[in-house]
Amino acid sequence: GADYEGYFAPASGEAKGLVLVIHDWDGLTDYEKKRADMLAELGYDAFALDMFGKGNRPESMDARKAETGKLYEDREAMLTRVTAGLAEAREQSGESEAVVMGYCFGGAGVLELARAGKAGNVAGYASFHGTLATPDGQSYPDGTAPILIAQGGADTSVTPSEAFDLSKTLEDKGITYELEVYSGAPHAFTVFGSDRYREVADEESWEAFQSFMERYLGEEG
């Protein structure tokens, strides 16, 4: 019942597949649009969704905590918005099979979709310095698509121990995963122009993501 605005970046030629991008805690900004454009240059249709609503781009830390807090406390609403974003991405692209990726808060949305197991035709999930904890009462269903976790070794917001806890959960469930940990990388290490940006960690995680997509997107069976 609310208006949302996303950003669609079509592949220049025939698309290799579709990528859904879920934003950080400041909403859909030029950062996610740039990532979508980068994916389009690589030959993928990319759609950056809006989780907060049209025109809602919180600027202060308190406002960002408030917006994300609403969805952390209402996981059904979080899942509804991610699912709607994926449906819109598929409509814009015409491609059905997708990889879903997200940054920080967006990583929580990625894993929420993975645990729900209801998206259909998702080839993989990727979280970049994302929220990784599994809410009480949730779990990953059998047959969950592969998951890529890009983690900063110096992250104090989401610590490496949380990443390893998730890897153990996925290992025990028999779910394919890849865990990349980058030394000296703090939380939000991929954010261009910020004091937390770490070029090596950003470039290596982006290369890992490209390899991940090439491995699973469009894979037969």
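Calculate one ³J(HN,Hα) per residue across region 23-34 by plugging θ = phi - 60° into the Karplus curve 6.51 cos²θ - 1.76 cosθ + 1.60, and present them in order as whole Hz with x for glycine and proline.
Going residue by residue, I get 6, 6, 6, 9, x, 6, 10, 4, 4, 5, 5, 5 Hz, with x marking Gly and Pro.
Could you check how much of the accessible area of the chain is carbon and sulfur, as a whole percent, using a 1.4 Å probe? The partial results should precede the final answer.
Numbers: 4480 of 10090 Å².
That fraction is 44 percent.
Which whole-number value in Å² is the accessible area per residue of region 69-162, probe 1.4 Å?
Computed with neighbouring chains in place, this is 38 Å² per residue.
Count charges around residue 4 for me, please; just the other residues with Cβ under 9 Å from its Cβ, Lys/Arg as +1, Asp/Glu as -1.
Computed value for this residue: -2.
If the only charges are +1 at each Lys and Arg Cβ and -1 at each Asp and Glu Cβ, what is the size of the charge dipole of the chain around the Cα centre, to the nearest 20 debye? Before the final figure, lay out each step's value.
Working: 19 positive and 40 negative charges, 75 e Å.
Around 360 debye, computed over the chain.
Using θ = phi - 60° and the Karplus form 6.51 cos²θ - 1.76 cosθ + 1.60, what ³J(HN,Hα) does each residue of region 64-79 get, whole Hz, x for Gly and Pro?
Once rounded to whole Hz, the list reads 5, 5, 5, 5, 5, x, 4, 7, 5, 7, 10, 5, 5, 5, 4, 5.
From the backbone phi of region 6-12, what are the Karplus-calculated ³J(HN,Hα) couplings (6.51 cos²θ - 1.76 cosθ + 1.60, θ = phi - 60°) in whole Hz, Gly and Pro given as x?
In residue order, the calculated couplings are x, 9, 10, 10, x, 4, 5 Hz.
Restricting attention to region 50-99, which GluC sites (Glu not before Pro) occupy a DSSP loop and are surrounded by at most 12 other Cβ atoms within 10 Å?
Passing sites in region 50-99 are 59.
How would the chain be classified by its alpha-carbon gyration tensor: rounded, prolate or oblate, with rounded meaning a/c under 1.5 and the a/b versus b/c comparison settling the rest?
rounded
Roughly how many Å² of residue 122 are accessible to a 1.4 Å probe, to the nearest 10?
20
Can you give the FRET efficiency to the nearest 0.05 for residue 4 and residue 215, using r as the Cβ-Cβ distance and R₀ = 45 Å?
0.90
Using unit Cβ charges (K, R positive; D, E negative) and no other charged atoms, how large, in debye to the nearest 20, is the dipole of region 1-120 about its Cα centre?
Working: 14 positive and 22 negative charges, 55 e Å.
Around 260 debye, computed over region 1-120.
With a 1.4 Å probe and all protein chains kept in place, how do 206, 25 rank by accessible area, largest first?
Values: 206 25, 25 75 Å².
Most to least solvent-accessible, the answer reads 25, 206.
If you filter region 34-84 for trypsin sites (Lys or Arg not before Pro), then keep DSSP loop positions with at most 14 other Cβ within 10 Å, what is left?
54
Which one, 152, 102, 184, has the greatest fluctuation when you compute a Gaussian network model over the chain with C-alpha springs under 10 angstrom?
Fluctuation is largest for 184.
Please compute the contact order of the chain in relative form: average sequence separation of alpha-carbon pairs under 8 Å and at least six residues apart, divided by the residue count, as a percent.
17
Please report the net charge: other residues with Cβ closer than 14 Å to the Cβ of residue 78, K and R +1, D and E -1.
Spelling it out: positives minus negatives among the neighbours equals -1.
Distance in nm between label sites at residue 199 and residue 70, each 7 Å beyond Cα in the beta-carbon direction?
Between residue 199 and residue 70, the label points sit 3.9 nm apart.
Taking only C-alpha pairs under 8 Å that are 6+ residues apart, what is the relative contact order of region 122-162 in percent?
Result for region 122-162 is 50 percent.
Can you give me the long-range amide H partners of residue 154? Hydrogens built in the peptide plane at 1.01 Å from N, cutoff under 5 Å, separation of 5 or more residues or another chain.
For residue 154, the qualifying residues are 184, 185.
The values are calculated or read from the model by the stated rules, or taken from the named source; none is laboratory data. Because the structure is predicted, anything quoted here is derived from the model rather than measured. For neighbour counting, all protein chains shown are included, and Cβ atoms are generated from backbone atoms with ideal geometry for every residue, glycine included. Side chains are part of the model used for accessible areas, which takes the heavy atoms of the whole protein and leaves out ligands, DNA and RNA. Shrake-Rupley method; radii C 1.70, N 1.55, O 1.52, S 1.80 Å.
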